[in-house]
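Written below as structure tokens is the structure these notes are about.
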Amino acid sequence: MTRETFSNLILDSEPTLYRVAMSMLRNEKDCEDAVQTAVLTAFEKLGTLKHEEYFKTFIRYDGQCG
């Protein structure tokens, strides 16, 4: 997966990540930190993603935002 593809997938997933984090944390700053951590973790674990179409599930669980 290219960086551009990853970026596009992140932009597409960001509203969902934010909603999930906000529903659990109920604090904007903590939510922003959680989403940022999830994105970084997902990037670091990107090599374990076998099917790009499962990216949203991957980032929620492997990125630990959900």
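The values are calculated or read from the model by the stated rules, or taken from the named source; none is laboratory data. Keep in mind the model is a prediction, meaning the values are calculated, not measured. No Cβ is skipped: glycine too gets one built from the backbone with ideal geometry, and neighbour counts run over all protein chains shown. Keep in mind that these areas ignore ligands, DNA and RNA; they rest on the heavy atoms of the full protein, side chains included. Shrake-Rupley method; radii C 1.70, N 1.55, O 1.52, S 1.80 Å.
A few remarks follow.
- Qualifying residue in region 32-45 (condition: out of contact with any Lys or Arg (no Cβ under 6 Å at 6 or more places or on another chain), among the hydrophobic types (A, V, I, L, M, F, W, C), open to solvent by 40 Å² or more (accessible area, probe 1.4 Å) and more than 12 Å from ILE59 (Cα to Cα)): no
- Lone qualifier among GLU4, GLU52, GLU28 - being at negative phi and either touching a residue at least 12 places away in the same chain (Cβ under 8 Å) or under 11 Å from the mean Cα position of the chain (by Cα) (or both): GLU52
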